[in-house]
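The values are calculated or read from the model by the stated rules, or taken from the named source; none is laboratory data. Quick caveat, the model's predicted, so the values are computed rather than measured. Positions of Cβ are generated from backbone atoms using ideal geometry, with glycine treated the same way; all protein chains shown enter the neighbour counts. Remember, those area values only see protein heavy atoms, side chains included, never the ligands or the DNA or RNA. Shrake-Rupley method; radii C 1.70, N 1.55, O 1.52, S 1.80 Å.
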Amino acid sequence: MNDERYRIVNLPLASSQLRAILDAAAVRGRLQEVVEAGEWMHSELERNPMEFGESRDFKIASQLYIRVGFVASLFVLFGVYETRKVVFVLKMGWKG
């Protein structure tokens, strides 16, 4: 495994979705479960995003790999800019 970390950039939509997920999880008494899943997801995105989840698309012009990953009831749609070691979090969701 490569020790080089990827930089993670949350797009505004993904940031607001994450806040809503955390708020909803807290109301339902499932905050700890969601936080743990989110931490594991963040770790995967930071260390090996090209192995996490499933491939969905490749944008040739921008050299951006689009992938979707799942941890427990959380999902994340993300793009990987491999040459610059950057992950863009595009969308998040929770089936809670």
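Table: residues versus (1) in contact with a Lys or Arg (Cβ under 8 Å, 6 or more places away or on another chain); (2) open to solvent by less than 70 Å² (accessible area, probe 1.4 Å); (3) without any contact (Cβ under 8 Å) to a residue 12 or more places away in the chain.
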residue: ILE21; (1), (2), (3): no, yes, no
residue: GLU33; (1), (2), (3): no, no, no
residue: VAL68; (1), (2), (3): yes, yes, no
residue: VAL71; (1), (2), (3): no, yes, no
residue: PHE78; (1), (2), (3): yes, yes, no
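Let's see how each residue does on (1) farther than 11 Å from VAL89 by Cβ; (2) over 15 Å from the mean Cα position of the chain (by Cα); (3) of a type outside the set (Gly, Ala, Ser):
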| site | (1), (2), (3) |
| --- | --- |
| GLU4 | yes, yes, yes |
| PRO12 | no, no, yes |
| SER15 | no, no, no |
| LEU18 | no, no, yes |
| ILE21 | yes, no, yes |
| GLY53 | yes, no, no |
| ASP57 | yes, yes, yes |
| ILE60 | yes, yes, yes |
| ILE66 | yes, no, yes |
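If the condition is being open to solvent by less than 90 Å² (accessible area, probe 1.4 Å) and either farther than 25 Å from ASP3 by Cβ or outside any helix (DSSP H, G or I) (or both), then segment 40-58 contributes ASN48, PRO49, MET50, PHE52, GLY53, GLU54, SER55, ASP57, PHE58.
Are any residues in segment 85-96 touching a residue at least 24 places away in the same chain (Cβ under 8 Å) and among the basic types (Lys, Arg), and if so, which ones?
Residues of segment 85-96 touching a residue at least 24 places away in the same chain (Cβ under 8 Å): 85-94, 96.
Correct list: LYS85, LYS91.
In segment 5-39, which residues are part of a loop (DSSP other than H, G, I, E, B) and not charged (D, E, K, R)? Once the filter is applied, which keeps residues that are part of a loop (DSSP other than H, G, I, E, B) and not charged (D, E, K, R), segment 5-39 yields TYR6, LEU11, GLY29. In segment 16-25 there is no residue matching the filter, namely being closer than 16 Å to VAL86 by Cβ, at pLDDT 95 or above and of a type in the set (A, V, I, L, M, F, W, C).
Restricting segment 80-96 to residues that are more than 17 Å from SER15 (Cα to Cα) and part of a strand (DSSP E or B), the residue that is most open to solvent (accessible area, probe 1.4 Å) is TYR81.
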